[in-house]
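Read the structure below first, then the notes.
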Amino acid sequence: MAFSTPLASGAPLVVVAAVILLAAAMEAEADTRHYQFDVQMTSVTRLCSTKSIVTVNGQYPGPTLFAREGDHVEVKVVNHSPYNMSIHWHGVRQLFSGWADGPSYITQCPIQPGQSYVYRFQIIGQRGTLWWHAHISWLRATVHGPIVILPPAGVPYPFPTPYEEVPVMFGEWWRNDTEAVIAQALQTGGGPNISDAYTINGLPGPLYNCSAQDTFKLKVKPGKTYMLRLINAALNDELFFSIANHTLTVVDVDAVYIKPFTVDTLVIAPGQTSNVLLATKPSYPGATYYMEARPYTNTQGTFDNTTVAGVLEYEDPCPSGSSSSAKNLPVFAPTLPQINDTNFVSNYTAKLRSLASAEYPAAVPQQVDHRFFFTVGLGTHPCAVNGTCQGPNGSRFAASINNVSFVLPTTALLQSHFTGKSRGVYASNFPAFPLMPFNYTGTPPNNTNVMNGTKVVVLPFGTNVELVMQDTSILGAESHPLHLHGFNFYVVGQGFGNFDPANDPAKFNLVDPVERNTAGVPAGGWVVIRFRADNPGVWFMHCHLEVHMSWGLKMAWLVLDGSRPDQKLPPPPLDLPKC
């Protein structure tokens, strides 16, 4: 099995031979995978401009973490940067290993400069593609990398084995320091400056000025099947993706197998992953093909309305020896949907179904113990007296869930809960339903202000939860990709307008709904998820649009220990960072 993987700026993009050796070594190694992540400053040049960015091991994107389902993983993170740091293993269930989940001030205090922390967890019941990223401020703009989870040795994929597997990470690039970008936005209360480019495996590609030399190139052979491990690591944009004159068969999302379906174009939200099969043409086509990504958005504000391209190149079986002949090949570009094509996104999302087979069942909770209704959307905070703010009507942008804009504490929630010292850190009265119902997707209320708070929902161990997440149009309808830490969930229903509790539940799919860790709340619509709270700890749920999370679109679930010893969270590790 071969992989292509992104490396540091200036290094070769494809290192198949090295990764083949790694994959082979994994067969013979013990079942604990050891990694060291050195967080450091690295100079990187993009768009004809050089800046110093935070990286792991000097690589942008960072190194790929390989493991097999069932493996234990230990990653020592050493912080050589000037910033506080924590790493989140996005989508890893972290069963009974909540101390390793990584969001700063939720499950841990950050790793301070000059300090280190060893993340220890096991991959249980997951196989496919996930990813890791910084989980503090906007540092995940450059601190991120793939997680490749292989099936147990000897267990095949439930689809034809691909000839080669290639991680493909979408990202965003700012010429300016991203920490300065978000700091300025939070100071003024307005929207942050948009990115200057999108990237594929860290490279902006030929459609941007001064970037033809920084293009991701996927070299393929005719008549083969390649698996692309797609990851949207962009901070603020959902993306359409397509390869000219080729189709993609979707076989896995968020490290869960699904019923395969074939498309020309897919959509992937920030935080989501998707494994797709690319069947190459049966013979050398004498052409090259752009693989392109551009945003899907319905925002009322500004956004990065550009397109990133990589190149799909076929190996010529009869090379002429002339480099100019390759340059003169015709180049085909895909046709992507309109930027605000919500119908396309809705139709694509509706095709996602769990495999729901005997070997890979869909364990959808059929009975519900607790129901919640969360409104999610944008609002405002008043500007300070004599202040100057750049939000709507001179206010400050804010975002909220059930009108609560979450404020991060200065002590980690999980540590506070475990030590019994939660007083003054958080309140356990997060509203299960909106305190003041209104026409969520109709005429907005006159008062757009939201309240601040550090509140959690407390759940008994083993609770079956149903959660309706409803978009609001207070400052315009927008889609919101919500990520839940600590659990996978089933998307049992979605629609547009206001959720109707009398009629919409009859349309729920309780047989083979897609299982995910990140799902989009449709613009001007709703989504319903179900999950079983079988993992004790404190678990973050937040919008994976970084700007919305910075404005407070986040909350936390506190799942209590169960009654049996094997249902309790173990004590914190001795090297857990201190605040």
So which of Leu553, Leu560, Leu545 ends up being more than 28 Å from Val511 (Cα to Cα), in contact (Cβ under 8 Å) with a residue 40 or more places away in the chain and open to solvent by less than 10 Å² (accessible area, probe 1.4 Å)?
Leu553
All but one of (1) part of a strand (DSSP E or B); (2) within 30 Å of Ser43 (Cα to Cα); (3) open to solvent by 20 Å² or more (accessible area, probe 1.4 Å) hold for Thr249; which doesn't?
(2)
Matching residues, the stretch 130-180, being open to solvent by 30 Å² or more (accessible area, probe 1.4 Å) and either under 14 Å from Thr199 (Cβ atoms) or part of a strand (DSSP E or B) (or both):
Arg175
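Please go through the stretch 457-475 and pick out each residue that is open to solvent by less than 30 Å² (accessible area, probe 1.4 Å) and either over 25 Å from the mean Cα position of the chain (by Cα) or within 16 Å of Asp534 (Cβ to Cβ) (or both).
Narrowing the stretch 457-475 to residues open to solvent by less than 30 Å² (accessible area, probe 1.4 Å): 457, 459, 462-473.
Hits for the stretch 457-475 are Val457, Leu459, Gly462, Thr463, Asn464, Val465, Glu466, Leu467.
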Looking at the stretch 63-93, which of the residues that are touching a residue at least 60 places away in the same chain (Cβ under 8 Å) and assigned to a strand (DSSP E or B) is farthest from Gly154 (Cα to Cα)?
His88
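May I ask you to say which residue of Ala244, Ala279 is of a type outside the set (Lys, Arg) and open to solvent by less than 10 Å² (accessible area, probe 1.4 Å)?
On the way: Ala279 fails: open to solvent by less than 10 Å² (accessible area, probe 1.4 Å).
Of Ala244, Ala279, the one residue that is of a type outside the set (Lys, Arg) and open to solvent by less than 10 Å² (accessible area, probe 1.4 Å) is Ala244.
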Please indicate, with yes or no, whether at least one residue in the stretch 515-522 is modelled with pLDDT of 95 or more, of a type in the set (Val, Ile, Thr) and over 27 Å from Tyr348 (Cβ atoms).
no
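Within the stretch 189-201, identify whether any single residue is part of a strand (DSSP E or B), farther than 22 Å from Gly62 by Cβ and modelled with pLDDT of 95 or more, and answer yes or no.
Taking the stretch 189-201 first, the residues part of a strand (DSSP E or B) are 197-200.
Narrowing the set further to residues that are farther than 22 Å from Gly62 by Cβ leaves none.
Within the stretch 189-201 (the criterion being part of a strand (DSSP E or B), farther than 22 Å from Gly62 by Cβ and modelled with pLDDT of 95 or more), the answer is no, since none of the residues qualifies.
For the stretch 486-509, give me the residue count where each residue is over 19 Å from Thr441 (Cβ atoms) and open to solvent by less than 50 Å² (accessible area, probe 1.4 Å). Working first, answer last.
Here is the first cut: in the stretch 486-509, the ones over 19 Å from Thr441 (Cβ atoms) are 486-492, 506, 508-509.
Retained after the next criterion (residues that are open to solvent by less than 50 Å² (accessible area, probe 1.4 Å)): 486-492, 508-509.
Residues flagged as over 19 Å from Thr441 (Cβ atoms) and open to solvent by less than 50 Å² (accessible area, probe 1.4 Å) within the stretch 486-509 amount to 9.
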Single unsatisfied condition, Phe332 versus (1) under 28 Å from Ser479 (Cα atoms); (2) open to solvent by 20 Å² or more (accessible area, probe 1.4 Å); (3) out of contact with any Asp or Glu (no Cβ under 9 Å at 6 or more places or on another chain); (4) at pLDDT 95 or above:
(1)
For Ala234, which of the numbered conditions (1) open to solvent by 10 Å² or more (accessible area, probe 1.4 Å); (2) in a loop (DSSP other than H, G, I, E, B) fails to hold?
(1)
Just to be sure before I move on: is Ala212 over 25 Å from Ser354 (Cα atoms), modelled with pLDDT of 95 or more, over 20 Å from the mean Cα position of the chain (by Cα) and in a helix (DSSP H, G or I) in the structure I sent?
no
Could you list, ordered by first residue, the pairs with Cβ atoms under 9 Å in which the first is in the stretch 426-447 and farther than 23 Å from Arg371 by Cβ and the second is charged (D, E, K, R) and surrounded by 11 or more Cβ atoms within 10 Å (Cβ to Cβ), at least 6 apart or interchain?
none
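The values are calculated or read from the model by the stated rules, or taken from the named source; none is laboratory data. Small disclaimer: the values here were computed from a predicted structure and weren't measured. Ideal geometry is used to build each Cβ from the backbone, glycine not excepted, and the neighbour counts take in all protein chains shown. For accessibility, only protein heavy atoms count, side chains too; no ligands or nucleic acids. Shrake-Rupley method; radii C 1.70, N 1.55, O 1.52, S 1.80 Å.
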